[in-house]
Every structure is written in structure tokens, then in C-alpha cells.
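Each remark here refers to the structure printed beneath this line.
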Amino acid sequence: MSEIEITGYHAHVYYDADSKETAARVRAAVEQSFDVRMGRWHDKPIGPHPCWSYQIAFEPALFGELVPWVALNREGLVVFIHPETGDDLADHDERAIWLGAKLELDLEKLK
């Protein structure tokens, strides 16, 4: 088994101009239901992410509660989830979890 430590998780909720209202509903429900740190709205692709997005940062202990909730309540939005281990490339590539369609990340930005 791996000795890699997961220090946290990030869930990136993807949206566009047409789905921003839906993303706002999902965001408000997450904030109301969970002890998380919400990132800023990015109304353009940023970093390796191909879509507009905001980030939900959360502790490993919350994974088993938050991820199933998001899976059931994402209202059709694509959500990209990855661990935080200190290896950004592996975390965004081989360790990633997708809810909805798997999209192509710009992994060159992490090298």
C-alpha cells in the first residue's frame, strides 16, 4: 500500500453562462450543509481546468459524506474531484474522480 498522505480534497464544479444559476444553487446548498472552504467564481477557464469553475476544499474525513451528496445533488453539472498529496500532476490525472462527463484537463500547466 502507498505511504502517500492525503491532506485534503478539492472538488471543482464546472459551469458556463447558461448553467451559472444552477451552479449557484449547488454552491449554496454545499455551504449550508457542510464545513468546507469555498473558492472564488472563475467565469473563465483557469489553470488546468477547461471550463468556468469554483472550488470546494474539504478535509479527508468529510469525503464519505460530501462526495456522495454531490453525486446526487450536482444538478447535471460536471464535478472534478482530486486529492491533495503535494503531487499536483498525479492528483489531477491518475488520482482524479469525475462526476459526470470526463473532460480534458490542460495537464501541461501542472508540469
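The values are calculated or read from the model by the stated rules, or taken from the named source; none is laboratory data. Computed from a predicted model, the values in this text were never measured in an experiment. Positions of Cβ are generated from backbone atoms using ideal geometry, with glycine treated the same way; all protein chains shown enter the neighbour counts.
Annotations for the structure displayed:
- Looking across segment 85-101 at every residue that is of a type outside the set (D, E, K, R) and over 20 Å from Arg74 (Cβ atoms), the one that is surrounded by the fewest Cβ atoms within 10 Å (Cβ to Cβ) is identified as Gly86.
- Flag for Phe63 being crowded, with 16+ Cβ neighbours inside 10 Å, under 14 Å from the mean Cα position of the chain (by Cα) and assigned to a helix (DSSP H, G or I): yes
- From Ser33, Ser2, Ser19, residue being hydroxyl-bearing (Ser, Thr, Tyr) and touching a helix residue (DSSP H, G or I) at 6+ places or on another chain (Cβ under 9 Å): Ser33
- Some residue of segment 56-73 being more than 28 Å from Ser2 (Cβ to Cβ) and modelled with pLDDT of 95 or more: yes
- Close pairs from segment 97-111: first on the phi > 0 side of the Ramachandran plot, partner surrounded by 12 or more Cβ atoms within 10 Å (Cβ to Cβ) and at pLDDT 95 or above, Cβ under 7 Å, at least 6 apart: Gly100/Arg74; Gly100/Leu77; Gly100/Val78; Gly100/Val79
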